[in-house]
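Visitor: A single structure is presented below for examination.
The values are calculated or read from the model by the stated rules, or taken from the named source; none is laboratory data. Remember, predicted model here, so these are calculated numbers, not experimental data. Here the Cβ is made from the backbone with ideal geometry for all residues, glycine too, and neighbour counts use every protein chain on show. Just the protein is used for accessible areas: all its heavy atoms, side chains included, with ligands, DNA and RNA removed. Shrake-Rupley method; radii C 1.70, N 1.55, O 1.52, S 1.80 Å.
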Amino acid sequence: EPVCPSKGLTLSPRQRIVIWRDIQAKKRAGVDTTELEAAYEYQGIDTCAATGLCAQRCPVGINTGELVKKLRSRKATHTKTANWLEGNFATALQGARFTLHVANGARMLLGAPRLAKLSATLTRLSKGQVPQWTNAMPQPEKAIRFSPVVSDARPRVVYLAACVSRVMGPAAGDKEQMSLYDKTRGLLEKAGYQVVFPDNQDSLCCGQPFASKGYAEQGEHKRQELIGALLHASRGGLDPIYCDTSPCTLRLVQDLGEVRLDLYDPVRFIRTHLMDRLDFTPQEAPIAVHVTCSTQHLGESQALIDLARKCSNNVVIPEGIHCCGFAGDKGFTTPELNAHSLRTLKDAVQHCSEGISTSRTCEIGLTQHGGIDYHGLVYLVDRVTRARAN
Ligand code: SF4
Ligand code: SF4
């Protein structure tokens, strides 16, 4: 219960389950539940981040997030659109980049304060259908150009850039303006790795956006397609695979039947493969750390904090924030969940010069509500390390 981002805004995990059971019981007894179900749509379903953090604390392991995903799939009626997206993922990503280009063009033309005002009006008029633009919004990322593999003596690592990293660049106000992709590649090369990429990367996706919207089948197709591409790129599992976004890593490793894949999120890869290849000189400037839900599920929370402490002598972990509530796109569609979950963040991080995390979408909400720039862990690690001399 204490980890749920919607507790205090709408329902807690237990209330979600109890009310759902109550609706079912009433239905069986022939009671009209139309009104109750309509209210539950927002209170129970829309405002659940569905990241399943509650299951970790529940003594009997009840995962309310899974129940909510199942309920969403009952309402998932846009199967044709989901099928189209599944088959035309690269085109969809181009569309997303274009949308960010338009927003960024408007920012340059009107200036951030005027765009924020205009966008607030649009959001109000559209009853929340058009998301509110804020200073924390990402700039569009260029499509990645992949260089051909060369054969040399360096160890290889397959770099899987998540679709969000391929589309969303740094916010305009962030001091770090290099793309996550370039930053990560630079760090891996500094540590002596040859970085290779899966073929046809722009069409690949772990399937999370489909699954979280209730399109489990399409999500599983994308996941299997990605697993196949990773097997090929890693030469049948010979090379480790670095995934730059923790929610994608989690989705890939969950129920992974393919045992040959050696998959890592940023934290585990850095602590396993980079520590003895880099020398760390910690900075004094204080940093805030956000441990995403997926990092917690992956069991890497303490490792992330330890790593941050190798990078900075002043590390702040805001108390009482467990799930930021951004949940992929909820920060755009149900922004009150994100705002509620992060209501204490600004005070907690006011003395920090930046924040780090391992999920680009979470960083949007954290930047907006924390009032400091949040970006990927690799920006910090790259800044405070140099290649270890052999
Ligand atoms: S999945 Fe997340 S938001 Fe939903 S009930 Fe559990 S903790 Fe709350
Ligand atoms: S979780 Fe999201 S960002 Fe990651 S690959 Fe899947 S869809 Fe893309």
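Visitor: Every residue in region 96-144 that is over 30 Å from residue 200 (Cβ atoms), part of a helix (DSSP H, G or I) and β-branched (Val, Ile, Thr), please.
Guide: Residues of region 96-144 that are over 30 Å from residue 200 (Cβ atoms), as a first pass: 106-130, 132-136.
Keeping just the survivors that are part of a helix (DSSP H, G or I) gives 106-110, 112-125.
Correct list: 121, 123.
Visitor: Still on this structure, please answer the following. State all residues of region 204-217 that are over 21 Å from residue 167 (Cα atoms) and either assigned to a loop (DSSP other than H, G, I, E, B) or not small (Gly, Ala, Ser) (or both); if no residue qualifies, say none.
Guide: 214, 215, 217
Visitor: Please work out which residue is nearest to ligand 1 (Cβ to nearest atom), limiting yourself to region 1-47 and to residues that are touching a Gly at 6+ places or on another chain (Cβ under 7 Å), open to solvent by 10 Å² or more (accessible area, probe 1.4 Å) and without any contact (Cβ under 8 Å) to a residue 60 or more places away in the chain.
Guide: Filtering region 1-47 for residues that are touching a Gly at 6+ places or on another chain (Cβ under 7 Å), open to solvent by 10 Å² or more (accessible area, probe 1.4 Å) and without any contact (Cβ under 8 Å) to a residue 60 or more places away in the chain, the one nearest to ligand 1 (Cβ to nearest atom) comes out as 11.
Visitor: How many residues are open to solvent by 20 Å² or more (accessible area, probe 1.4 Å), farther than 16 Å from residue 220 by Cα and either more than 14 Å from ligand 1 (Cβ to nearest atom) or free of Cβ contacts under 8 Å to residues at least 24 places away in the same chain (or both) if we restrict to region 48-79?
Guide: Matching residues across region 48-79 total 9.
Visitor: Is it the case that residue 1 is under 26 Å from the mean Cα position of the chain (by Cα) and in a loop (DSSP other than H, G, I, E, B)?
Guide: Yes: the conditions hold for residue 1.
Visitor: Can you confirm whether region 227-249 contains a residue that is assigned to a loop (DSSP other than H, G, I, E, B) and modelled with pLDDT under 90?
Guide: Kept after step one, since they are assigned to a loop (DSSP other than H, G, I, E, B), are these residues of region 227-249: 234-240, 244-245.
Next cut, modelled with pLDDT under 90 only: none.
The answer is no, given that none of the residues of region 227-249 is assigned to a loop (DSSP other than H, G, I, E, B) and modelled with pLDDT under 90.
Visitor: Return yes or no: is residue 161 touching a residue at least 24 places away in the same chain (Cβ under 8 Å), among the small types (Gly, Ala, Ser), in contact with a Phe, Trp or Tyr (Cβ under 7 Å, 6 or more places away or on another chain) and on the phi < 0 side of the Ramachandran plot?
Guide: On the way: touching a residue at least 24 places away in the same chain (Cβ under 8 Å): yes; among the small types (Gly, Ala, Ser): yes; in contact with a Phe, Trp or Tyr (Cβ under 7 Å, 6 or more places away or on another chain): yes; on the phi < 0 side of the Ramachandran plot: yes.
Answer is yes for this residue.
Visitor: OK, next. Could you say whether any residue in region 277-287 is under 21 Å from residue 246 (Cα atoms) and modelled with pLDDT of 95 or more? Steps first, please.
Guide: Step one: filter region 277-287 for residues under 21 Å from residue 246 (Cα atoms), giving 287.
Checking the rest, the ones that are also modelled with pLDDT of 95 or more come to 287.
So far as region 277-287 goes, yes, one or more of its residues are under 21 Å from residue 246 (Cα atoms) and modelled with pLDDT of 95 or more.
Visitor: Okay, moving on. Name the strands (runs of 3 or more DSSP E) wholly within region 286-382 that hold at least 2 residues that are away from ligand 1 (no atom under 16 Å from the Cβ) and of a type in the set (A, V, I, L, M, F, W, C)?
Guide: So the answer is 287-289.
Visitor: Then there is this: Do you know which residues across region 95-146 are among the hydrophobic types (A, V, I, L, M, F, W, C), closer than 22 Å to residue 370 by Cα and touching a Leu at 6+ places or on another chain (Cβ under 6 Å)?
Guide: 133
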